[in-house]
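Read the structure below first, then the notes.
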Amino acid sequence: MIVHLQGREEVLRALGWKGRHAEWIALAGLTGGYFTRAQLSAYVGVGSVQARHIVNRMVREGIAVEQMLDGRKVCRIAGRPIYRVLGVPKLRTLSSASDELVVRRLLSLDYVLEHPALPWLPTPTQQVAAFEALGIARKHLPGRRVRGRTHPGRLHFQHRLPIALFPDRALFVYVDPGYAHARTMREWGTAHRRLWEALGKLRRTIEVVAVVRTVRELRRARAMLTRWSRPDPGPSSAEHRAVLAEIRRIERAIIEGDAAVFQAHGSLQSTLKQLTKLREFEREARPLPSIDAFDTWRSTRLRRGWS
């Protein structure tokens with residue numbers, strides 16, 4: 001039972017889809033829009049031949065398209081009408097996405113498939129609404145500023161990663177598709193730190209699950225999450241503020257062309273190198289996220305060489 005579908009599959013009856021097939025379209029559309037035939041086969045409970053027939057019908061009716069990824073076919077729920085009837089905001093990558101993003105969404109779906117009964121918040125809109133309902137302000141939610149002409153503002157939970165919210169805890173899924181570095185995970189954690197702090201004040205336990213494809217990524221994620229569960233104190237806040245002040249001083253000197261600052265560092269080139277080092281130190285000196293529990297999960301369907 002996929003609790004978070006909330007009857008969305010019923011709206012597909014008008015399009016001739018019902019039962020597990022309709023559930024699959026709704027589930028894949030809610031969880032990033034991408035899927036493999038193997039994932040469909042596992043959920044619907046059919047063999048590879050019948051799975052191919054289902055995909056072919058979806059393609060014929062304009063519900064899905066197939067594209068190549070690493071020499072293999074993956075499927076994408078296509079067409080704005082489908083997302084409209086499912087009540088899902090338009091995907092910014094409806095027509096195309098990088099390989100990294102596609103694999104991330106496939107891995108997200110794979111984890112949800114293995115944990116269907118969890119109380120997932122399937123869309124960024126629902127995630128924002130759920131945390132606001134707890135009294136958490138939007139300024140504490142992870143996001144980035146959007147400067148588009150039509151809808152400027154802040155885009156929250158832009159990676160569309162799964163989140164499950166329980167009465168006493170919150171589960172956040174981080175996905176490492178194998179294209180990123182440890183810094184990517186740290187930046188993701190840092191972006192969520194204020195939200196996790198707010199949840200902690202509400203006595204909600206914070207859990208993180210890292211979803212990966214390879215042993216290398218599993219070990220890297222486990223090392224990072226161990227640090228988050230036992231965060232070290234790091235540099236003092238006074239030292240951190242001093243570094244920030246020096247960064248602002250150098251940046252202002254570059255804008256204003258202050259030769260005195262350049263000479264203090266030897267030259268403009270040396271000043272730029274020092275600025276790079278300070279920014280790196282400042283990034284590493286930021287307080288680590290703090291979580292209560294973590295786990296790692298390796299996909300069996302999407303390992304290297306998946307079919």
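One table, with the values for the structure above:
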{"item": "Residue within segment 199-215 that is part of a loop (DSSP other than H, G, I, E, B), crowded, with 16+ Cβ neighbours inside 10 Å and of a type in the set (A, V, I, L, M, F, W, C) present", "result": "no"}
{"item": "Complete set of residues in segment 263-282 that are open to solvent by 30 Å² or more (accessible area, probe 1.4 Å), free of Cβ contacts under 8 Å to residues at least 24 places away in the same chain and in a helix (DSSP H, G or I)", "result": "263, 264, 268, 269, 270, 272, 273, 276, 277, 280"}
{"item": "Residue within segment 43-60 that is over 26 Å from residue 159 (Cα atoms) and of a type in the set (Ser, Thr, Tyr) present", "result": "yes"}
{"item": "Total residues in segment 175-216, condition touching a Gly at 6+ places or on another chain (Cβ under 9 Å) and within 19 Å of residue 157 (Cα to Cα)", "result": "5"}
{"item": "Qualifying residue in segment 78-100 (condition: modelled with pLDDT of 90 or more, surrounded by 13 or more Cβ atoms within 10 Å (Cβ to Cβ), aliphatic (A, V, I, L, M) and within 29 Å of residue 209 (Cα to Cα))", "result": "no"}
{"item": "Candidate set from segment 59-77 (those that are more than 19 Å from residue 301 (Cα to Cα) and in contact (Cβ under 8 Å) with a residue 40 or more places away in the chain); member that is most open to solvent (accessible area, probe 1.4 Å)", "result": "61"}
{"item": "Segment 23-82, residues that are part of a strand (DSSP E or B) and more than 18 Å from residue 107 (Cα to Cα)", "result": "64, 65"}
{"item": "Restricting segment 18-49 to residues that are more than 27 Å from residue 174 (Cβ to Cβ) and without any contact (Cβ under 8 Å) to a residue 24 or more places away in the chain, the residue that is surrounded by the most Cβ atoms within 10 Å (Cβ to Cβ)", "result": "22"}
{"item": "Scan of segment 102-138 for residues that are of a type in the set (Gly, Ala, Ser) and open to solvent by 50 Å² or more (accessible area, probe 1.4 Å), ordered by number", "result": "117, 129, 133, 135"}
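Residues checked against (1) in contact (Cβ under 8 Å) with a residue 12 or more places away in the chain; (2) farther than 22 Å from residue 128 by Cα:
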residue: 141; (1), (2): yes, no
residue: 156; (1), (2): yes, no
residue: 174; (1), (2): yes, no
residue: 181; (1), (2): no, yes
residue: 200; (1), (2): yes, no
residue: 203; (1), (2): yes, no
residue: 209; (1), (2): yes, no
residue: 220; (1), (2): yes, yes
residue: 225; (1), (2): yes, yes
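The values are calculated or read from the model by the stated rules, or taken from the named source; none is laboratory data. This one's a predicted model, so the numbers in the text were calculated from it and none came from an experiment. No Cβ is skipped: glycine too gets one built from the backbone with ideal geometry, and neighbour counts run over all protein chains shown. Keep in mind that these areas ignore ligands, DNA and RNA; they rest on the heavy atoms of the full protein, side chains included. Shrake-Rupley method; radii C 1.70, N 1.55, O 1.52, S 1.80 Å.
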